[in-house]
Amino acid sequence: MARSKKKTTNWLSRIKAVGVARLLICVIAGLVGTWLALALAISGVTRIKAPAAALSFVASDSVALASRADQMFFASPKAPPPEVTKLAREALANQAINAKALRVLGYVAETKGDSVMAEKYVRMAAKLSRREPGAQLWLIEAAARTGNIPQTLVHYDIALRTKPDTQSILYPRLLSAIDDKDIRTNLKPYIRAGNGWGASFLFFANSNSQNLPALVDLIVETGGLTDPETAKNQELGLLGRLVNEGFFDQARRLYLQLPGARAVRLTSTAFDASDIDDSLGAMGWTVSDDPDVGGAFSRTSGDRQVMLSLFANSATTRTVASKLLYLKPGRYDFRAQLSMVNQGVSGFIKWQLRCPSVPSLGAIWSVQNSARSTSSELSVPVSCPVQYLDLIASGGNGQTGLEATVASVALVAARQ
């Protein structure tokens, strides 16, 4: 009986020992698996942005190897160390389809003066992946050096479509190139492409162009954007800059490109619906929006007439509204009609015509609106190719200030 008990105890001990061993094996395997998973996760996150760290976990990661080679190349692009080529070739050995590694080898070949091999590697990289921006940038430069404008723009298009973050590099280059008429001509299909990068580029150009006439040439010559609403928003923004910077001829040319543009608006002072919603931008009436002086366009329900309501606080004299005009030299009749006016003490409304392109001329004509109806004659000299008609309001020196409503204003060529 005692011997039987001993056998049973030994048997149970062996079972426990085997169980513990298996448990240890499972725990170790789990830890190894967890470590490998963690290593792969870290490698996946860092192999592009921090490839050296990723390689410390997975030394054979081809993406990290190519990224590290790329980093080392750009740290010394004129004389890259041999390690760059070694890492790029290791990346290709681990993954034959590695566009970045091929492109790096192309860059290295170019630094050695081997342009044939450089082009071979870079074109292979571009063929393997359209999303390799470094290859497209190299091909852009190569095509530009040979004067091949259509091919240069093909690579611009690929880079901008596949890697929108290349805009920061490519948009300034493209913007500086639009002085060239051939480039503007070849840009037409890209500007007109509704799902392309044309709209984004033109909005960038609105804010950054140092050659506004060339930008206007581009828009007019290509026909601008295809979507009418996007085109109008883009061109209105540019109109404001053109007018503010004194490019009045280009502003007129661009305005006539706008969807729904009317040439008569360039010489008309009449109020209309476009002034209510400011849909003509700098080519319509512009109204001051200030706590001390301002105005707003409106019309009563069912009434087609658009009117301008304005105010000026006491001790304030300032321009309330202005209209840019392209009047030909000659004599004109001016008429203005107020439907309501409360001038307070010493308040007044005054109209003036000035020449923004010749500031030294100052106001070439002015008249005070002393009654509900005002008329006057004026002459536009040859030296004044564009004009501003200004409405100036003064709140006087009383307590109430000035309030008024302008029903209409007209400036028409006088009969000879």
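The values are calculated or read from the model by the stated rules, or taken from the named source; none is laboratory data. All of these numbers come straight from a predicted model, not from anything done at the bench. Every residue, glycine as well, gets a Cβ built from its backbone with ideal geometry; the counts of neighbours run over all protein chains shown. These accessible areas exclude ligands, DNA and RNA; they are computed on the full protein's heavy atoms, side chains included. Shrake-Rupley method; radii C 1.70, N 1.55, O 1.52, S 1.80 Å.
Restricting to the stretch 68-89, and then to whatever is surrounded by fewer than 17 Cβ atoms within 10 Å (Cβ to Cβ) and aliphatic (A, V, I, L, M), can you tell me which residue is farthest from the chain's Cα centre (by Cα)? By that ranking, first place goes to Ala79.
If we scan the stretch 136-156, do we find a residue that is assigned to a helix (DSSP H, G or I) and of a type in the set (Ser, Thr, Tyr)?
Step one: filter the stretch 136-156 for residues assigned to a helix (DSSP H, G or I), giving 136-145, 149-156.
Those left that are additionally of a type in the set (Ser, Thr, Tyr): 152, 156.
Yes, the stretch 136-156 has at least one match.
I'd like to know if the stretch 320-334 contains one or more residues that are out of contact with any Phe, Trp or Tyr (no Cβ under 8 Å at 6 or more places or on another chain), aliphatic (A, V, I, L, M) and more than 14 Å from Asn369 (Cβ to Cβ). Within the stretch 320-334, one or more residues are out of contact with any Phe, Trp or Tyr (no Cβ under 8 Å at 6 or more places or on another chain), aliphatic (A, V, I, L, M) and more than 14 Å from Asn369 (Cβ to Cβ). Restricted to the stretch 169-269, the set of helices (runs of 4 or more DSSP H) holding at least 3 residues that are of a type in the set (Phe, Trp, Tyr) comprises 198-208.
Does any residue of the stretch 115-131 turn out to be more than 21 Å from His155 (Cα to Cα) and either open to solvent by 30 Å² or more (accessible area, probe 1.4 Å) or not in a loop (DSSP other than H, G, I, E, B) (or both)? No, the stretch 115-131 contains no residue that is more than 21 Å from His155 (Cα to Cα) and either open to solvent by 30 Å² or more (accessible area, probe 1.4 Å) or not in a loop (DSSP other than H, G, I, E, B) (or both).
Here is a check on your reading of the model: is Leu310 touching a Phe, Trp or Tyr at 6+ places or on another chain (Cβ under 6 Å), touching a residue at least 24 places away in the same chain (Cβ under 8 Å), of a type in the set (A, V, I, L, M) and part of a strand (DSSP E or B)? Taking the combined requirement at face value, the residue does not satisfy it. When Asp227 is tested against (1) touching a residue at least 24 places away in the same chain (Cβ under 8 Å); (2) in contact with a helix residue (DSSP H, G or I) (Cβ under 7 Å, 6 or more places away or on another chain); (3) farther than 12 Å from Leu324 by Cα, just one condition goes unmet, and that condition is (2).
Considering the conditions (1) closer than 13 Å to Ser408 by Cα; (2) open to solvent by 40 Å² or more (accessible area, probe 1.4 Å), Arg318 is excluded by exactly one of them, (1).
Which condition number does Arg103 fail, the rest of (1) assigned to a helix (DSSP H, G or I); (2) more than 30 Å from Ile178 (Cβ to Cβ) being met? Arg103 satisfies all of (1) assigned to a helix (DSSP H, G or I); (2) more than 30 Å from Ile178 (Cβ to Cβ) except (2). Of all residues in the stretch 107-141, those satisfying the criterion of being more than 27 Å from the chain's Cα centre (by Cα) and among the small types (Gly, Ala, Ser) are Ala109, Gly113, Ser115, Ala118, Ala125, Ala126, Ser129. For the stretch 343-380, taking the residues that are touching a strand residue (DSSP E or B) at 6+ places or on another chain (Cβ under 7 Å), assigned to a loop (DSSP other than H, G, I, E, B) and over 21 Å from Gly294 (Cα atoms), the one that is least open to solvent (accessible area, probe 1.4 Å) is identified as Cys355.
Just checking, does the stretch 139-146 include any residue being in contact with a Phe, Trp or Tyr (Cβ under 8 Å, 6 or more places away or on another chain) and under 21 Å from Ile191 (Cβ atoms)? It would help to see each step written out before you state the result.
Going residue by residue through the stretch 139-146, those that are in contact with a Phe, Trp or Tyr (Cβ under 8 Å, 6 or more places away or on another chain) are 140.
Checking the rest, the ones that are also under 21 Å from Ile191 (Cβ atoms) come to 140.
Checking the stretch 139-146: at least one residue is in contact with a Phe, Trp or Tyr (Cβ under 8 Å, 6 or more places away or on another chain) and under 21 Å from Ile191 (Cβ atoms).
Scanning the stretch 246-272 for residues that are touching a strand residue (DSSP E or B) at 6+ places or on another chain (Cβ under 9 Å), surrounded by fewer than 20 Cβ atoms within 10 Å (Cβ to Cβ) and of a type in the set (Gly, Ala, Ser) yields Ser268, Ala270.
For the stretch 273-297, a residue qualifies if it is at pLDDT 90 or above, in a strand (DSSP E or B) and either exposed (fewer than 15 other Cβ atoms within 10 Å of the Cβ) or touching a Lys or Arg at 6+ places or on another chain (Cβ under 7 Å) (or both), and the qualifying residues are Trp285, Val293, Ala296.
Quick one: would you say Asp303 is under 27 Å from Val382 (Cβ atoms), not in a strand (DSSP E or B) and not polar (S, T, N, Q)? Lay out the reasoning, then the answer.
Details: under 27 Å from Val382 (Cβ atoms): no; not in a strand (DSSP E or B): yes; not polar (S, T, N, Q): yes.
Here the answer is no, as Asp303 does not meet what is asked.
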